[in-house]
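The values are calculated or read from the model by the stated rules, or taken from the named source; none is laboratory data. Every value quoted in this text rests on a predicted model; they were computed, and no experiment measured them. Backbone-built Cβ (ideal geometry, glycine too); neighbour counts: all protein chains shown. When the accessible area is computed, the model is the full protein with side chains, heavy atoms only, and any ligands, DNA or RNA have been set aside. Shrake-Rupley method; radii C 1.70, N 1.55, O 1.52, S 1.80 Å.
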Amino acid sequence: ALDCLKSFGERVAGLPSTQVRAVGTNTLRKTKDALDFLQKAEAAFGYPIEIISGREEARLIFRGVVRDVDSPSRMLVIDIGGGSTELIVGEAAEATRLDSLYMGCVSYSRRFFPGGEITADRMEQAIKAARQELQSVVRAYRKSGWEEAVGSSGTINAIERILQARGHACIDPEGLDWLQNHLIRIGDVD
């Protein structure tokens, strides 16, 4: 991480600090030694690094997606990160609902698939935990009236590529069922 930040710092070196914003998300919000790491990270990067809230993370994600999507419709944006998942509903450039949930691809992999082993029982436990985490916001998102769902994370992009290779035009329930069953059949994250 420090080597990566040093490399990024070299690319933006010389820019005014008002033109560079680096933020830490869920991992730094939750880690016990965040301040120690943050000092080393800022030294490697050369600029301050701000630890932001989950809502601010969601707001920034939405701003980035809006710039990339040619859609005037009300949309739901989903970003599955390593430790958290951000859900945002908005229209044009304005987010109207922002949530950050404590479920991410890395945290769930470690929690439910230790050692990389995928079983039907572990998959069911992971799905049950995700449903419980989503329970507090599902009703509000269903009522919010979004017309289009957009994914913005590496996890979602990877799922989309896998399903497209199988002939799916987008991420759909049938494709997700196939992927889940395929992962269980393989039995290992590798």
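A few notes on this one:
- Relative contact order [Cα under 8 Å, 6+ residues apart], the chain, whole percent: 18
- Ligands, DNA and RNA left out, the 1.4 Å accessible surface of the range 125-190 is 49% carbon and sulfur atoms.
- Eigenvalues of the alpha-carbon gyration tensor of the chain, scaled by 5 and square-rooted, set the equivalent ellipsoid semi-axes at 30, 23, 17 angstrom, largest first.
- Taken along its principal axes, the alpha carbon cloud of the range 41-88 reaches lengths of 42, 21, 15 Å, longest axis first.
- Over the range 142-190 - Rg/Rh using Cα atoms and the Kirkwood inverse-distance radius: 1.05
- As a fraction of the 1.4 Å probe accessible area of the range 1-84, surface on carbon and sulfur atoms comes out at 53 percent.
- Summed over the residues of the chain and divided among them, the accessible surface reaches 63 Å² per residue at a probe radius of 1.4 Å.
- For the range 1-107, trypsin sites (Lys or Arg not before Pro) are listed when DSSP marks them as loop and at most 13 other Cβ atoms sit within 10 Å of their Cβ; the list is Arg21, Lys32.
- Rg and Dmax over the alpha-carbon atoms of the range 1-103 stand at 15.3, 43 Å.
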